[in-house]
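Structure first, then comments.
Each reported figure results from applying straightforward, stated rules to the coordinates on display, with no laboratory input. The model shown is predicted, which means the values in this text are computed figures rather than measured ones. FYI the Cβ positions are ideal-geometry reconstructions off the backbone, even for glycines, and counts take in every protein chain you see.
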Amino acid sequence: MTGQTRRRPPPLPPCTSACCATGAGRRTVGDRVRTTRWSAPTGDADACAEGTRPDERLVLRVGLWVEGGTVAAARFRATTCATLLALADAACEWAEGRPVAEVAAVAPPVLLALLPDVPEGRRDRASLVAAALRAAASCVPRPIQPPEQEGAP
Amino acid sequence: MKVAYIFATPNASYILNRMIIPQLEEDRHGVEVAGMFFFVDNNFLLMRGNPIGERLAAVARKKGMLLMGCDQCVYERNIADRLLEGVPIGCFPDLYKALAPANVDQVITL
């Protein structure tokens, strides 16, 4: 960054679902639909990309904040499809702390494994989420390498 | 006339069990029901083993009637994996898409 203050991702709101209240730990689709914690503005992200499915007018925008080749934070905005929201929420949580290269290669089964209770008829949403996540990770600016000096071995 | 029912109130089980299902079974409901959509706690009717739901599913299979649960309501109740066989979940876009070919005359909210 040149002379600009790096903008931080929006903070995560506290979890109010039963997963935390009961100590169950794992969030179900229902938990994530009730509180989509990773849903937040993505405008300040280091990298941002959109996935769409025009036939159903579904849109998902994913923003990534990156530090040293690792996804420090991920946030999303999506059209109001409950399954899409839940999968996007799970995907952003999954992406945080992972190398950008791993996020850039994510496949739908990885995301579906996070939410095994997504029913068969709705599992296609994972393709849209994975595509948006991959696209965002592929947009991450690469660090500028210092130029090689002439005559260097 | 073709109708679709949207069950959005706590009266759904009573109306279904005591009026609509018996009339459909007896072929005297008076209209063709293209589909039914279930909101909030009415989705519990669509769970496997629910006597009203099982009876409704049998009528739906016989008459080619759509049954659909609200996906968000189903998720929030953690029953997505316990619905009657072949009952999809979705939201308004899915409902309208599914009902479009039926050219419904009336959508009745109960």
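Residue by residue along B:65-75, Cβ atoms of other protein chains within 10 Å of the local Cβ number 4 on average. Net charge near residue A:69, counting Lys/Arg +1 and Asp/Glu -1 over other residues with Cβ under 14 Å of its Cβ? Every neighbour counted, the sum reads -2.
Using Cα pairs under 8 angstrom and six or more residues apart, how large is the relative contact order of chain B, in percent? RCO, chain B: 38 percent. What separates the Cα centres of the stretch A:85-130 and the stretch B:47-72 is a distance of 31 Å.
Using Cα pairs under 8 angstrom and six or more residues apart, how large is the relative contact order of the stretch A:27-138, in percent? Could you put the intermediate results ahead of the total?
Working: 217 pairs, mean separation 34.0, N = 112.
For the stretch A:27-138, the relative contact order is 30 percent.
Highest mobility in the GNM of chain B, judged by mean-square fluctuation with C-alpha springs under 10 Å and restricted to B:41, B:94, B:27, is found for B:27.
Look at the dipole of the stretch A:27-138 built from charges on Cβ: of A:104, A:121, A:135, the Cα furthest out on the positive end belongs to A:121.
Helical runs (DSSP H, four residues minimum) scored at -39500 (n - 2.57) apiece and divided by the length of the protein assembly as shown put the mean residue ellipticity at 222 nm at -8500 deg cm²/dmol.
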